[in-house]
Amino acid sequence: MSQHLKPSVRITGLALAVAGAFAATGAQAQDKGTVHLAYVEWSSTVASTNVMQAVLEQAGYEVETSALSAAAMWQSVATGDTDALLAGWLPTTHEDYYARLKDQVVDTGVNLDGTKLGLAVPADSEASSIADLNEYQDDFNGEIIGIDPGAGLMRLTENVVDAYDLDLDLRTGSGATMTAALGSAMDRDEEVVVTAWTPHWMFSRWDLKYLDDPQNVYGGAEQIHTIVRQGLEEDMPEAYAILDNFNWNPEMMGEVMLMNQEEDSDPYENAKQWVEENQDVVSEWLPES
């Protein structure tokens with residue numbers, strides 16, 4: 001389990017400006033305890049987790065974060081080793097995790113609507129459907145570039161390979177290795193097919209398209225849910241309320257994800273900047289005083 005800790009109180013102009021909104025004095029902030037967030041290192045989840053970290057810290061909590069595999073992320077909340085995750089892709093991507101652990105966790109609801117899963121290729125590719133991939137397999141070097149093997153997207157893509165009887169190999173890796181391979185292919189103007197999801201910054205950086213999925217193996221649009229441990233509402237009602245109220249849209253998340261792609265940028269510092277510049281949105285996540 002990889003952890004990094006952030007200090008709970010930062011006396012900045014921003015903290016002072018929103019102190020009333022958070023109803024937290026410096027003395028109160030020291031007494032609120034620690035919220036432990038689990039996340040998987042997908043660009044979308046890095047964005048949402050850092051934004052929530054910044055918000056909870058301004059509310060007076062210390063925040064710890066742990067980067068885990070998707071399966072371990074869910075398990076850590078179910079066992080109470082961590083308090084919450086912001087990356088519950090339902091009803092399809094994480095359906096196995098949810099089915100197994102739903103009686104051990106609390107689903108507070110949707111934090112982002114309008115997601116999509118599938119296979120993406122350059123927009124000018126001759127392939128337009130997953131069913132076309134065998135015809136153009138040589139163009140794609142006989143492979144689909146995937147992400148971490150424990151991801152729900154990879155499980156679905158394995159089903160896609162079977163359903164469409166594809167002759168392409170599904171390569172495992174990570175979100176970072178997938179986008180690196182995609183970027184290299186796009187720079188060389190070569191064909192490439194990758195496991196993809198929306199929201200993701202790659203659709204802003206490169207001209208891509210999803211392949212049609214006539215068998216609907218990937219399913220329709222999904223939603224991202226906030227999942228918390230049992231007992232959090234009783235132990236930390238204010239923190240629970242903030243997590244419960246957290247809701248944004250793909251455009252907002254996309255802003256943060258693009259900031260995170262800048263050279264030498266710090267996702268945590270970017271999240272703090274986004275929170276500072278979007279206080280009207282953040283105020284809606286705070287419990288009423």
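No value in this document is a laboratory result; all are computed from the given coordinates. All values derive from a computational prediction rather than experimental measurement. We place every Cβ from the backbone using ideal geometry, glycine too, and count neighbours over all the protein chains shown.
Select one label from (i) 1.00; (ii) 1.07; (iii) 0.97: the one whose number is Rg/Rh (Cα atoms, Kirkwood Rh) as derived from the coordinates shown.
(i)
Could you derive backbone 3J(HN,Hα) for the range 191-198 from the dihedral phi with the Karplus parameters 6.51, -1.76 and 1.60 (θ = phi - 60°), listing whole Hz in sequence and x where the residue is Gly or Pro?
My calculation for the range 191-198 gives 6, 7, 10, 10, 6, 9, 8, 10 Hz in order.
Taking neighbour counts of Cβ atoms within 10 Å as a proxy for exposure, in what order, fewest first, do THR49, THR92 appear? Let's see the in-between values first.
Working: THR49 27, THR92 19.
In increasing order of surrounding Cβ atoms, one gets THR92, THR49.
Hey, what do the phi angles of the range 204-212 turn into as Karplus ³J(HN,Hα) couplings, whole Hz, using 6.51/-1.76/1.60 and θ = phi - 60°, x for Gly and Pro?
So the Karplus estimates, Gly and Pro as x, are 8, 7, 10, 8, 10, 9, 7, 6, 4 Hz.
Percent relative contact order of the range 115-210, based on C-alpha pairs within less than 8 angstrom and at least six residues apart?
48 percent
Which is the longest stretch in the chain that no exposed loop site breaks, taking sites as trypsin sites (Lys or Arg not before Pro) with a DSSP loop state and at most 14 other Cβ atoms within 10 Å?
Details: sites that count: ARG10, ARG188.
Counting only loop sites that pass the neighbour cut-off, the longest clear stretch is 11-187.
Do you know the relative contact order of the chain, to the nearest whole percent, from alpha carbon pairs under 8 angstrom that are 6+ apart? Spell out each step's value before the answer.
Numbers: 516 pairs, mean separation 75.0, N = 289.
Once divided by the residue count of the chain, the mean separation gives 26 percent.
If you take every DSSP beta bridge whose two residues both sit in the chain, what share of them, in percent to the nearest 5, is antiparallel?
Counting only bridges with both partners in the chain, antiparallel ones make up about 65 percent.
Given THR45, VAL228, ALA123, which one lies farthest toward the positive end of the charge dipole of the chain, if we put +1 on the Cβ of every Lys and Arg and -1 on the Cβ of every Asp and Glu?
Checked the options; the winner is VAL228.
Given the options GLU222, GLU238, GLU251, which has the most mean-square fluctuation in a GNM of the chain, springs set between C-alpha atoms less than 10 angstrom apart?
GLU251
Determine which aspartates and glutamates satisfy two conditions relative to LYS32: a Cα distance under 15 Å, and not lying fewer than 8 residues away in the same chain.
Qualifying aspartates and glutamates at Cα under 15 Å: GLU57, GLU62, GLU64, ASP83, GLU233, GLU234, ASP235, GLU238.
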